[in-house]
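The structure under discussion appears below in the form of structure tokens.
The values are calculated or read from the model by the stated rules, or taken from the named source; none is laboratory data. Everything numeric in this text was worked out from a predicted model, so none of it was measured. Because the Cβ atoms are built from the backbone with ideal geometry, glycine has one as well, and the counts that use them run over all protein chains shown. Accessible surface is based on the protein model in full, side chains and every heavy atom, while ligands, DNA and RNA are left aside. Shrake-Rupley method; radii C 1.70, N 1.55, O 1.52, S 1.80 Å.
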Protein chains: 2
Amino acid sequence: MEKGGFAMIRLLLAVFLLATNAAAQPLASWNDGPAKSAIVGFVRAVTEPGGKDFVAPADRIAVFDNDGTLWSEQPMYFQLLFAIDRVRALAPRHPEWKDKEPFASLLGGDVKAALAGGEKSILEIIMATHAGMTTTEFERLVKEWIATARHPRFKQPYDAVVYKPMIELLAYLRDNGFKTFIVSGGGIEFMRPWVERVYGIPPEQVVGSSIKTKLEMRDGKPVLVRLPELDFIDDKAGKPVGIHTHIGRRPIAAFGNSDGDLEMLQYTAAGEGRRFMLVVRHDDEKREYAYDRQSHIGKLDRALDEAAARGWTVVSMKSDWKKVFAFE
Amino acid sequence: MEKGGFAMIRLLLAVFLLATNAAAQPLASWNDGPAKSAIVGFVRAVTEPGGKDFVAPADRIAVFDNDGTLWSEQPMYFQLLFAIDRVRALAPRHPEWKDKEPFASLLGGDVKAALAGGEKSILEIIMATHAGMTTTEFERLVKEWIATARHPRFKQPYDAVVYKPMIELLAYLRDNGFKTFIVSGGGIEFMRPWVERVYGIPPEQVVGSSIKTKLEMRDGKPVLVRLPELDFIDDKAGKPVGIHTHIGRRPIAAFGNSDGDLEMLQYTAAGEGRRFMLVVRHDDEKREYAYDRQSHIGKLDRALDEAAARGWTVVSMKSDWKKVFAFE
């Protein structure tokens, strides 16, 4: 009886989806133009039963970069802003930071000086703020921060500083049988606590950079403790490695915005059959930011040339998007 | 129009599933008894809408060990048999192996002597046979082996030496909204080429041990090359780490057969709400094998004690399973 009841619910759900799908306008925040046409054309081609480009649903894997592709990455990577907030919160427990870089500069409010040491400084800040607690504790810290911190320019929670057209694109792909994954240089555990709610992407479909964890017994219960040791950097040539480790098959569509995504785009393009590669270009200073070849964050240079040379879709935020953010 | 056509297909599919679900007998190869009752009771409890143990579909994560839980692991791990076959195939290209252990003994047919060096010998065999090619080439080698090699006792392809009741269990869980994962000490890339076809588990839901890979350009195309360097051992205390890395949330059900699964079972049990832990016990010498506390392969000792102490379900292959293999 339960079985029958369940099946009936499923059936009703299918009818309901049919009705709402027909009513909802996919890609509503996209202006008509070459980018939108290219997306729709690709999706139609790979989903048309019997068509020459048809791809079975199981192989409809789409991978999305996060920073600069799904949410903003200016004035600096949001995860770095989280880390800086953590340094401030932890400072009372670390009196030695007053005389120790990069912490001293950070606590003095001089972020630029703190980051002058480059990768080494950033790594020190990350390890001091991302390691030394259980995975459950870290998840709670991220959730609290996402709920309370505000973007300096937009005065919105960071998870509202996400691109509405890209969220519509994720939904459009899933409605057409795609499985959507994040493949980001950002921390995998920094994304998982909120991306399911915001992007509809479950934790098991998130690929990112990571530090090592170790199983320990605490109060007779097994917990995973985060260690101050890099495990994997999911950026540049690491992205295809991360894709292979987590997904185990080559995507047929890839979405990025910077040179850090180039290898992921190339790896996707190198598969057989119809493929789709898209680059989001930040050219809208008014509604968001404008930066590309010279930027320290989200530098888009080689990938822009390659997109032009190979006919990949380049999205102009300025002209292709009706709206950038839902809060506009 | 295409959208409408698609929706109609989905609707017809839902009606079809309704009909077949009602007709098919779940867990048909399981004898009525405490193990089957425990499984059905758990699934009913977590899927009953409004029930006190209800779990949302997204959190219905079930993890399965592979060797000894889904397929056999005797007379030795099948992946080791694959490696030995590869050593034989590669021997003409490695004349130096004639005088070098563990290869010399292996080629002389003395597997026992070859493995006398323990973990070190096994690692040498694995690296010599699993690294040095692209991921695509390795996938092809695995597929060829699975298609042609035969189990020494059952004279069947290795992917037929899988437990029919466990395959029914996987399907039963999925029919009830579970997402099923493999979490195995075996090589992730040794499983992915065939587990979707045999278990219905897609590559992105396979967690296993791995060696490192590296992106290289070959003939202008990006490929991933397998390196002779360990990346991750997904066994014992590694299993919760692998679960966390790949799945990112704690399973509510775990299925294993040996002490290598103990930490995974404990980690699953330590979550809040209703949980299900099951241990497959190999006690059927006639239809399969009988081994537990003293076995070198798939040793079941501490996990058996803990299962008894904590009321986890222990499956007797002999008395709980009507059939072990489909080919019987």
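So the values come out like this:
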{"item": "Cα-based shape type of region A:75-234, given that a ≥ b ≥ c are square roots of the gyration tensor eigenvalues and the cut on a/c is 1.5", "result": "oblate"}
{"item": "Exercise: per-residue mean of other protein chain Cβ atoms within 10 Å, B:235-245", "result": "4"}
{"item": "Among A:229, A:139, A:168, residue whose mean-square fluctuation peaks in a GNM of chain A (springs only between Cα atoms under 10 Å)", "result": "A:229"}
{"item": "Mean Kyte hydropathy of -0.5 or more with a Cα span along the axis of at least 30 Å, helices from DSSP in chain A", "result": "A:2-23"}
{"item": "Antiparallel content of DSSP bridges confined to chain B, in %, to 5", "result": "40"}
{"item": "Label point 7 Å beyond Cα along the C-beta direction, distances from residue A:118 to other copies (nm, shortest first)", "result": "4.4"}
{"item": "Largest to smallest accessible area among B:327, A:138 [probe 1.4 Å]", "result": "B:327, A:138"}
{"item": "Accessible surface buried upon A-B contact (total; probe 1.4 Å; Å², nearest 100)", "result": "4200"}
{"item": "Helix-only CD estimate at 222 nm, as mean residue ellipticity for chain A, using -39500 (n - 2.57) per DSSP H run (n ≥ 4)", "result": "-12500 deg cm²/dmol"}
{"item": "Among B:165, B:26, B:300 - extreme Cα towards positive end, dipole of chain B, charges at beta-carbon", "result": "B:26"}
{"item": "Estimated dipole of the protein assembly as shown in Debye, rounded to 20 [Cβ of Lys and Arg +1, of Asp and Glu -1, Cα centre]", "result": "1080"}
{"item": "Other-copy label distances relative to residue B:327, 7 angstrom Cα-Cβ extension, nm", "result": "6.2"}
{"item": "DSSP beta bridge pairing in the protein assembly as shown, given as percent antiparallel to the nearest 5", "result": "40"}
{"item": "Accessible solvent surface per residue of chain B, calculated while the other protein chains remain in place, 1.4 angstrom probe, Å²", "result": "44"}
{"item": "Dipole magnitude (debye, nearest 20) for region B:91-152, charges at Cβ of Lys, Arg, Asp, Glu", "result": "160"}
{"item": "Solvent accessible area, Å² - residue A:44, 1.4 Å probe, full protein context", "result": "130"}
{"item": "Cα gyration tensor category, rounded, prolate or oblate, for chain B with a/c compared to 1.5", "result": "prolate"}
{"item": "7 Å along Cα→Cβ, label-point gaps from residue B:233 to other copies, nm, shortest first", "result": "2.7"}
{"item": "Percent of Cα pairs exceeding the 18 Å cut-off, where the set is region B:185-257", "result": "50"}
{"item": "Farthest toward positive dipole pole in chain A [+1 Lys/Arg, -1 Asp/Glu at C-beta], among A:46, A:289, A:102", "result": "A:46"}
{"item": "For region B:109-161: rounded, prolate or oblate by the Cα gyration tensor [a/c cutoff 1.5]", "result": "oblate"}
{"item": "Length added when fully stretched, residue B:299-residue B:54, from 0.36 nm per residue minus Cα-Cα", "result": "84.7 nm"}
{"item": "Convex hull per residue volume in Å³, alpha carbons only, for region B:141-206", "result": "88"}
{"item": "Computed P(r) (all Cα pairs; the protein assembly as shown; 10 Å bins; percent)", "result": "3, 14, 24, 25, 20, 11, 3, 0"}
{"item": "Dipole of region A:197-276, positive direction: furthest Cα of A:238, A:211, A:201, with charges on the beta-carbon", "result": "A:201"}
{"item": "Residue among A:142, A:111, A:225 with the largest mean-square fluctuation in a Gaussian network model of chain A, springs linking Cα atoms under 10 Å", "result": "A:111"}
{"item": "Cα-centred dipole magnitude for chain A, charges only on beta-carbon of K, R (+1) and D, E (-1), debye, nearest 20", "result": "580"}
{"item": "Over 28 Å between alpha carbons, listed pairs B:112/B:155; B:179/B:239; A:36/A:143; A:179/A:323; A:143/B:214; A:212/B:143", "result": "A:36/A:143; A:143/B:214; A:212/B:143"}
{"item": "Modelled FRET efficiency - R0 30 Å, residue A:230 with residue B:90, Cβ distances, 0.05 increments", "result": "0.30"}
